[in-house]
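The values are calculated or read from the model by the stated rules, or taken from the named source; none is laboratory data. Bear in mind the structure is a predicted one, so any value in this text is a computation, not a measurement. We place every Cβ from the backbone using ideal geometry, glycine too, and count neighbours over all the protein chains shown.
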Amino acid sequence: MFYLGCHLSSSGGYLAMGETAVSIKANTFQYFTRNPRGGSARALDLDDIASFNAYATEHTFGTIVAHAPYTLNLCSAKPEVREFARNTMRDDLERLQHVDNVVYNFHPGSHVGQGVDLGIEMIIDAINAVLTEEIKTPILLETMAGKGSEIGRSFEELARIIDGVILKDKIGVCMDSCHMHDAGYDVVNDLDGVLDEFDRLVGLDRVKAFHLNDSMNPFASGKDRHAKIGEGTLGLDAIVRIVNHPKLRALPFNLETPNELDGYAREIDLLRKRRTTA
Ligand code: FE
Ligand code: FE
Ligand code: ZN
């Protein structure tokens with residue numbers, strides 16, 4: 001099964017996202033758990049979630065991705081910002097207990113000049129404080145482009161974070177093709193080499209989701225601007241190789257390209273046509 005979807009607005013609730021996904025031939029999707037730049041989440045509607053869970057089963061959805069807000073920074077220099085991030089994660093994970101077949105993706109954090117070592121230590125402490133045995137939703141560290149002082153640009157940094165997490169069966173990674181390329185991993189000319197390196201340092205079994213984006217910036221630019229599929233420095237063929245790669249093809253793929261719904265529908269159609277049979 002090719003699990004392919006895109007980022008959707010959560011303003012209409014879960015069932016509405018499921019129906020929107022089906023209307024554009026998607027069978028997974030991603031959404032923000034709350035305003036990406038703000039704090040508060042919508043009221044929890046358990047009926048809506050139950051309807052969605054049934055709908056997702058009926059329409060054979062793959063794993064969906066709940067994305068934490070961008071403002072969340074587990075390694076801020078300000079204690080109140082770190083505390084806010086932990087509380088937001090706890091609240092998100094508590095809500096996600098009701099949602100079936102979902103993963104929780106977040107940006108590891110920006111060390112804002114405190115240094116990578118202290119940043120990683122803060123991220124590990126926060127994850128260990130937030131993750132409990134009761135939490136059923138895996139949490140995923142996103143591979144980052146390395147803009148500013150972002151942690152998670154290198155696979156080594158992700159490996160160090162995972163190494164410090166106590167409940168290891170609950171932590172994974174979400175790869176982002178734009179971010180890896182901008183970070184200096186050559187997913188265009190050496191996808192196999194990149195995956196081998198990831199496997200050696202982190203383990204490919206940790207990858208639970210994939211963000212499919214082209215990039216507006218050159219290789220290893222350390223920037224992070226997504227381009228539409230085939231309109232950036234990765235190009236369509238590189239992205240087609242990603243979705244067909246034997247070590248990646250079972251993952252849920254979500255587009256985060258600069259598109260409205262009609263643009264996403266076109267990209268989903270394009271990539272479904274280029275998907276090979278296993
Ligand atoms: Fe992200
Ligand atoms: Fe992403
Ligand atoms: Zn990005």
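Some observations on this one:
- Residue satisfying all of: in region 126-175; within 16 Å of ligand 3 (Cβ to nearest atom) and basic (K, R); nearest to E80 (Cα to Cα) among these: K147
- Candidate set from region 195-205 (those that are in a helix (DSSP H, G or I) and crowded, with 19+ Cβ neighbours inside 10 Å); member that is farthest from ligand 1 (Cβ to nearest atom): L195
- Of all residues in region 186-215, those satisfying the criterion of being within 14 Å of ligand 2 (Cβ to nearest atom) and in contact with a His (Cβ under 9 Å, 6 or more places away or on another chain) are V187, H211, N213, D214, S215.
- The set of residues in region 21-62 that are under 17 Å from F253 (Cβ atoms) and among the polar types (S, T, N, Q) comprises N27, T28, Q30, T60.
- When the residues of region 236-276 are filtered to those that are assigned to a loop (DSSP other than H, G, I, E, B) and of a type in the set (A, V, I, L, M, F, W, C), the one that is nearest to the chain's Cα centre (by Cα) is L251.
- Against the test of being of a type outside the set (D, E, K, R), more than 16 Å from ligand 1 (Cβ to nearest atom) and either at pLDDT 95 or above or buried (at least 21 other Cβ atoms within 10 Å of the Cβ) (or both), the options A183, A126 yield a single qualifying residue, A126.
- Being of a type in the set (V, I, T), modelled with pLDDT of 95 or more and more than 16 Å from ligand 1 (Cβ to nearest atom) is a property that T137 has.
- Any hit, region 190-202, residues being under 20 Å from the mean Cα position of the chain (by Cα) and within 16 Å of ligand 3 (Cβ to nearest atom): no
- Candidates V81, V99, V22: the one that is within 20 Å of the chain's Cα centre (by Cα) and among the hydrophobic types (A, V, I, L, M, F, W, C) is V99.
- A search for C-beta distances below 6 Å between a residue of region 104-130 that is under 18 Å from M180 (Cα atoms) and any residue that is modelled with pLDDT of 95 or more and surrounded by fewer than 20 Cβ atoms within 10 Å (Cβ to Cβ), counting only pairs 6+ apart in sequence or on different chains, returns S110/G148; S110/S149.
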